[in-house]
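Report on one structure; see the data block that follows.
Only the coordinates and a few stated rules stand behind these numbers; no lab work does. Treat the numbers as computed from the prediction; the structure is a model and nothing was measured. Here the Cβ is made from the backbone with ideal geometry for all residues, glycine too, and neighbour counts use every protein chain on show.
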Amino acid sequence: MPPLPSSAPIGVFDSGIGGLSVLQALRAELPHEHFIYLADSGHAPYGEKGDGFVCRRSLAIARHLHQRHAIKALVVACNTATAAAIPTLRAALPELPMVGVEPALKPAALASSTHHVGVLATRGTAQSARFAHLLAQHGDRTRFAVQACDGLAHAIERSTETGVDDTEALSKTRALCARYTSALGVFGTQTGMMDTLVLGCTHYVFTLDTLRALVGPQVRIIETGAAVARQTRRILDQAGLLLPEAAPGAEPAAIALYTTGQLPALQAAAQRWLALPPGQCASISVPGFS
Ligand code: DGL
């Protein structure tokens, strides 16, 4: 393949709408870049489906974005897909610069004064070898309590679907957040308590207000969107693929969003969380590996 121009889009994907929290940070960091976002909502949630499935879906999506949209870089905006598939994706597409997302254990360990940190993640991430390795790297001075949150990403996906009662969806999400934060233990700033909470799934960023109310105002909540966006800038820069600051008359930054699930759900999420108009969203099918 000939080298890609810096004006090519950056591809971003997640099992669903969770990666929109990463797209939000990418837009803030790289406001003049073009983005293609793919939500695999037709196959979400990934977190309870097993590594083989997640790996096959991730590979199909990465190839689709590379071949059909000629992306210049790929952001895997999903902790579960990163844990299950990033070595496979890098091996399959060695020419494509790639950034994955991992629970922010290192920043949490550095920030925690009580040296006790809570982590919410999907079952897939929590049980992965990659996460075990991260824990081993950063767990010497810090105690990490880890909770697999079955159903939470699914409940967040459901909350944007048509025909779902908003109040019911919110109370379902709230109940799951309450169950999982209390399973972690006691939050607070006194010795023995968790003073830091890591959001190890990109979907959970959209429950930030609920989680904040549950753990209290003094607890630091860490998510990875901004760090991933800075890392994306770095790898584009290293590869000479950073789009120069918009010159007068340059094309405005384009964002196109696709879903393998319900189009109105993606449109509602894009409008609610990124203020993007429904016309920028479309349905797509990425067959072959389901
Ligand atoms: N948003 C994804 C993550 O960061 C996965 C959620 C799911 O599909 O289970 O892990």
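Taking R0 as 25 Å, what FRET efficiency do you get between Glu48 and His115 from their Cβ-Cβ distance, rounded to the nearest 0.05? Computed FRET efficiency for Glu48 and His115 comes out at 0.20. Taken over the chain, the alpha-carbon convex hull comes to 129 cubic angstrom per residue. Here Ser182 and Ala28 are evaluated by their C-beta separation; at R0 = 35 Å the FRET efficiency comes out at 0.60. Karplus-based coupling profile of the stretch 140-148, in residue order and whole Hz: 6, 9, 10, 8, 9, 9, 10, 10, 7, with θ = phi - 60° in 6.51 cos²θ - 1.76 cosθ + 1.60 and x standing for Gly or Pro. Which shape class applies to the stretch 162-290: rounded if a/c is under 1.5, otherwise prolate when a/b exceeds b/c and oblate if not, where a ≥ b ≥ c are the square roots of the Cα gyration tensor eigenvalues? Oblate shape, in that a/c is at least 1.5 and b/c is the bigger or equal ratio. Taking Cβ atoms as reference points and 15 Å as the exclusive limit, the residues near Ser159 contribute a net charge of -2, counting Lys and Arg as +1 and Asp and Glu as -1. In this structure, the amide hydrogen of Ile255, modeled 1.01 Å from its nitrogen in the peptide plane, lies closer than 5 angstrom to those of Phe35, counting only residues at least 5 positions away or on a different chain.
Taking a sphere under 13 Å around the Cβ of Leu214 and counting the other residues whose Cβ falls inside, with K and R at +1 and D and E at -1, yields a net charge of +2. Counting only DSSP beta bridges whose two residues both lie in the stretch 1-111, roughly 0 percent are antiparallel.
Build a GNM of the chain with springs between Cα atoms under 10 Å apart, and of Pro45, Pro244, Pro278 the one that fluctuates most is Pro244.
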